[in-house]
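The values are calculated or read from the model by the stated rules, or taken from the named source; none is laboratory data. All of these numbers come straight from a predicted model, not from anything done at the bench. Don't worry about glycine lacking a Cβ; one is built from the backbone with ideal geometry, like all the others, and counts go over all protein chains shown. For accessibility, only protein heavy atoms count, side chains too; no ligands or nucleic acids. Shrake-Rupley method; radii C 1.70, N 1.55, O 1.52, S 1.80 Å.
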Amino acid sequence: MRRGTLLLVEDDADDLELSLLALRECDISNPIAVARDGVEALDYLFGTGAHDGRAPDDAPVLTLLDLKLPRVDGLEVLRRIRRDDRTRHAPVIMLTSSKQERDVIASYDLGANGYVQKPVDFSQFVSTVKAVGLFWLVVNEPPPGRA
């Protein structure tokens with residue numbers, strides 16, 4: 001399993017708990033950082049605000065990013081991730097309830113590595129998060145020089 005922090009960006013308390021539960025159930029032992037809005041996510045990623053001093057060169061091994069976030073939406077967070085050399089190769093999966101084609105297209109246009117619609121059913125939601133976590137943290141080979 002790839003070492004390093006997983007960043008989970010989710011503003012909905014229920015979806016956050018379900019995601020954390022799913023990750024625990026598939027024995028993902030990576031530390032999980034949680035951001036509840038886009039500003040908090042950007043602060044974590046770039047070592048600013050409440051995360052002042054965190055090394056931005058130490059990008060998360062995976063970011064699960066909700067689309068509809070308060071303060072700064074997920075698309076803008078993704079845009080800033082891809083614009084910065086320190087984070088542009090970091091895997092980002094959009095994990096959202098949006099079924100809108102324009103959201104899917106915009107996410108991929110901005111460099112998302114994947115777009116996963118959150119299932120409404122509890123067991124399907126847990127299975128989906130497990131599958132995403134296992135693929136990106138165990139199976140996928142990251143670019144050279146990245147954890």
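Within the range 42-61, the set of residues being small (Gly, Ala, Ser) and not in a helix (DSSP H, G or I) comprises Gly47, Gly53, Ala55, Ala59. There is at least one residue in the range 24-41 that is at pLDDT below 85 and not in a loop (DSSP other than H, G, I, E, B). Condition check for Leu78 on (1) in contact (Cβ under 8 Å) with a residue 24 or more places away in the chain; (2) out of contact with any strand residue (DSSP E or B) (no Cβ under 8 Å at 6 or more places or on another chain): one failure, at (2). Within the range 1-21, the set of residues being crowded, with 16+ Cβ neighbours inside 10 Å and over 14 Å from the mean Cα position of the chain (by Cα) comprises Arg2, Leu18.
Rundown of residues vs (1) within 12 Å of the chain's Cα centre (by Cα); (2) closer than 19 Å to Thr5 by Cα; (3) polar (S, T, N, Q), yes/no style:
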position: Ala41; (1), (2), (3): yes, yes, no
position: Gly47; (1), (2), (3): no, yes, no
position: Gly53; (1), (2), (3): no, yes, no
position: Val72; (1), (2), (3): no, no, no
position: Arg79; (1), (2), (3): no, no, no
position: Thr87; (1), (2), (3): no, yes, yes
position: Met94; (1), (2), (3): yes, yes, no
position: Leu134; (1), (2), (3): no, yes, no
position: Pro143; (1), (2), (3): no, yes, no
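Annotation: of all residues in the range 36-84 being over 22 Å from Tyr115 (Cα atoms) and among the acidic types (Asp, Glu), the one that is surrounded by the most Cβ atoms within 10 Å (Cβ to Cβ) is Asp43. Residues being open to solvent by 80 Å² or more (accessible area, probe 1.4 Å) and within 27 Å of Pro143 (Cα to Cα): count how many of those fall in the range 87-104. Total satisfying the criteria: 2.
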